[in-house]
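S.K.: Pasting in a structure now, in structure tokens, and then I'll have a few things to ask.
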Amino acid sequence: MQLPQGVGFVPFHVPGSPEQGRDTLDALRRHRLVIWGKHGVMSRSETSVKRASDFIEYVETGAHYEYMNLANQERGEGLTDEEIRAICAGV
């Protein structure tokens, strides 16, 4: 999963407060996904709500695998450049 815009962060605000709304809107202008401090996430999509939800799931899955790799002292090997090229070539 690539995140060219990165992930935004909004510090804790009371849920539903004007401050949370303002900071979230500002962050979503620059990022497709925003983490709310001590609360959750918000995502946007120009296509549909389903796409925004899918994006959250993709990022969550990537974070889960990264956590597992770190918990195992980064022993996860992943794919080599050669293996990635083979997949892209359809070999």
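The values are calculated or read from the model by the stated rules, or taken from the named source; none is laboratory data. Only a predicted model underlies this, so the values are computations on that prediction, with no experimental measurement involved. Reconstructed Cβ throughout: ideal geometry from the backbone, glycine too, with neighbour counts over all protein chains shown. Only protein heavy atoms, including side chains, enter the accessible area calculation; ligands, DNA and RNA are left aside. Shrake-Rupley method; radii C 1.70, N 1.55, O 1.52, S 1.80 Å.
S.K.: Could you work out what % of the accessible surface of the chain is carbon and sulfur, using a 1.4 angstrom probe and leaving DNA, RNA and ligands out of the count?
M.R.: 56
S.K.: May I ask you to rank LEU3, LEU79, LEU33, LEU28 by accessible area, largest first, using a 1.4 Å probe over the protein chains only?
M.R.: LEU79, LEU3, LEU28, LEU33
S.K.: Just from its helices, what would the mean residue ellipticity at 222 nm be for the chain, if runs of 4 or more DSSP H residues each count -39500 (n - 2.57) and the sum is divided by every residue, rounded to the nearest 500 deg cm²/dmol?
M.R.: -16000 deg cm²/dmol
S.K.: Tell me which trypsin sites (Lys or Arg not before Pro) from region 1-85 have a DSSP coil assignment and no more than 13 other beta carbons within 10 Å of their own.
M.R.: LYS38, ARG75
S.K.: Using the Karplus equation 6.51 cos²θ - 1.76 cosθ + 1.60 (θ = phi - 60°), what ³J(HN,Hα) coupling, rounded to whole Hz, does each residue of region 5-11 give in order, writing x for Gly and Pro?
M.R.: 8, x, 10, x, 9, 10, x
S.K.: Please identify the GluC sites (Glu not before Pro) of the chain that satisfy two criteria: DSSP loop assignment and at most 11 other Cβ atoms within 10 Å. Which are they?
M.R.: GLU46, GLU74, GLU77
S.K.: Here's another thing I want to ask about it. With viscosity set to 0.890 mPa s and temperature to 25 °C, compute the Stokes-Einstein D of region 11-79, Rh being the Kirkwood radius across alpha carbon pairs; µm²/s, no decimals.
M.R.: Approximately 178 µm²/s, per Stokes-Einstein.
S.K.: Could you tally the net charge around GLU77, taking each other residue with its Cβ under 15 Å from the Cβ of GLU77, Lys/Arg +1 and Asp/Glu -1?
M.R.: -4
S.K.: Just add up the charged neighbours of ASP23: K/R +1, D/E -1, any other residue whose Cβ is under 14 Å from the Cβ of ASP23.
M.R.: Once positives and negatives cancel, what remains is +2.
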